[in-house]
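Asks: Here it is, the structure, as structure tokens.
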Amino acid sequence: MATESARLLAVDANASWTRSLIAALPPAVTVHGLRLESLGRLRPGFAGALLRRARPGRLRPNQWEHLRIIPGWTRAYGLSCSIVARWIRRQVLHPTGWGGHTSEPRGSFRVSDSGAGPAPHGAGTAHRSVPTTGGPGRTWVIYTVPQYAGVADRLRGFRGVRQAYYAYDPYTEYEGWGADKVRAWERSLFAVCDKIITISEALRQDFESLSGRKAHYLPNAVSADFLRRMRLPADRPADLPAPDRGKIIGCIGQINASSYDWNLIEELARLRPTEQFVFIGPDIEGDPDKRAAIERVFARPNVHWLGPRPHDDLPKYLKHLDICLNPLAVNPANDRRSPLRLYDYLATDKPILSTAIAEAHCHLPHLSLCRGAGEMAAVIERVCSGKYEMDLDARRRYIEANTWQRRAEQLLAILEGDDA
């Protein structure tokens, strides 16, 4: 599938991983994003302000973004799917494109983005020359959340369009989504889509078993810019514990009650009282009944929660850690995820300690898998005594082969390949 003749549209690209993948596509691939906002979630009078900013805006030379409002996925699922499918048919796939203007003679990667909020400041210019997917060549539509099963069904067989489902997470495990509903959506996507892609190896095996078809594995990655910034000197952040307080064991990422193994973290902090445990990331646990374990751990004198930090600021923190920690609980949900933090950790020259979640095995021997606080404490002792060995040259080669640019190449190869 030559880039010049391929036309791709990714549905729901609000997540950071999707945006990273899109940004890594070659310049010949044009990206369009459709931001969706549910009408019921808008404040009074806000819809008009959003619609006034609904003109396509250029985010980068090959990426555009659009905004539309839908009735809502919960109470008006069918109508919302029809609106999105109609928008794609009329505005994206139609040969004359936006406002009747003709398309540019190159392939397009179209993105439909169901994120909340208006387009970025400064968007909404030069909409008369926005390229479309019209004209000769194949169009791929890629869905990354199961709710779009209704959109996929409405586009089935539409003018040579081919469709793919790229599952980023085990959505049946998402609280409030309804496992039975998600399974029904995914079965529908399996029946309609030409390609099935998953973020983890365990999820790939699940989908092959459920669909009876080939599924492809395309995990997370790291940006080339993140690797570059990890190699630059950086001042020590003032909010890190002082060096004389002991080695710093750090963890980055969202914090909630169900994802982390809080009993393990508490026991590890007890076993290693002279080390300082630092957590960087937003605390998103909103259930007061589940907060006790988090607050108990954060109350320990050698545990520090620094709050969220922009991803661009993480290199200066990671450079001043002594050990990187991945304390995700071993459970079916975490076994089917591809933790971004592991790729960020692999960009450092620090020892990495991880629980034995499934995707961590894929990174061996560049990290240490630990089953329980006792094994982690033993590895920490080896690091502190200078007996921990790493092959940093091999690790650098490994992470440089796992960039978003490489993932973009792999995605195009998957779409181009024969699943027979």
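No lab work stands behind these numbers, since they all come straight from the coordinates. Remember, predicted model here, so these are calculated numbers, not experimental data. Heads up, the Cβs are rebuilt from the backbone with ideal geometry, glycines too, and the neighbour counts pull from every protein chain shown.
Asks: Sorted from largest to smallest, which semi-axis lengths in Å does the alpha carbon gyration tensor of the range 158-291 give for its equivalent ellipsoid, taking the root of 5 times each eigenvalue?
Replies: Taking √(5λ) for each eigenvalue gives 40, 22, 13 Å, largest first.
Asks: Can I ask one more? Which three numbers, in whole Å and largest first, are the semi-axes of the equivalent ellipsoid of the range 224-400 derived from its Cα gyration tensor as √(5λ)?
Replies: They are 23, 19, 18 Å, listed largest first.
Asks: Oh, and also: Given H placed on each backbone N at 1.01 Å, which residues far from residue 197 in sequence or on other chains put an amide H within less than 5 Å of it?
Replies: Excluding prolines and chain starts, which carry no amide H, the hits are 165, 166, 167, 216.
Asks: May I ask which of 247/387; 181/214; 350/387; 290/316; 247/350 have a Cα-Cα span longer than 21 Å here?
Replies: Beyond 21 Å between Cα atoms: 181/214; 290/316.
Asks: Could you work out how far the C-alpha centroid of the range 340-358 sits from that of the range 182-205, in angstrom?
Replies: Using only Cα atoms to place each centre, the spacing works out to 27 Å.
Asks: Can you sort 277, 190 by how many other beta carbons sit within 10 Å, fewest first?
Replies: Fewest-to-most ranking of 277, 190: 190, 277.
Asks: How big is the range 190-233 on each of its three principal axes, counting only the C-alpha atoms and giving the largest first in Å?
Replies: 50, 19, 9
Asks: Work out the charge dipole of the range 149-272 with +1 on the Cβ of Lys and Arg and -1 on the Cβ of Asp and Glu about the Cα centre, then indicate which of 259, 242, 179 is farthest towards its positive end.
Replies: Value computed over the given set: 179.
Asks: Using bins 5 angstrom wide from zero, how does P(r) for the range 334-420 break down, in % of all Cα pairs?
Replies: 3, 12, 19, 21, 18, 12, 6, 5, 3, 2, 0
Asks: Among the trypsin sites (Lys or Arg not before Pro) within the range 224-316, which fall in a DSSP loop and have no more than 12 other Cβ atoms within 10 Å of their own Cβ? Could the numbers behind the result be given before it?
Replies: Working: sites: 228, 229, 231, 245, 247, 270, 290, 291, 296, 316; in loops: 231, 247, 291.
Taking the range 224-316 and a limit of 12 other Cβ atoms within 10 Å, the loop trypsin sites (Lys or Arg not before Pro) found are 231.
Asks: Using unit Cβ charges (K, R positive; D, E negative) and no other charged atoms, how large, in debye to the nearest 20, is the dipole of the range 224-400 about its Cα centre?
Replies: With only Lys, Arg, Asp and Glu charged at Cβ, the dipole is about 300 debye.
Asks: When DSSP beta bridges are limited to those with both residues in the range 224-400, what percentage is antiparallel, rounded to the nearest 5?
Replies: The antiparallel fraction comes to roughly 5 percent.
Asks: Could you give each residue of the range 312-327 its phi-based ³J(HN,Hα) in whole Hz, using Karplus coefficients 6.51, -1.76, 1.60 with θ = phi - 60°, and x for Gly or Pro?
Replies: Couplings: 5, 8, 5, x, 5, 6, 4, 5, 10, 7, 9, 9, 9, 10, 10, x Hz.
Asks: Moving on. How do 411, 39, 232, 340 line up, fewest other C-beta atoms within 10 Å first?
Replies: Sorted ascending by nearby Cβ count, the order is 232, 39, 340, 411.
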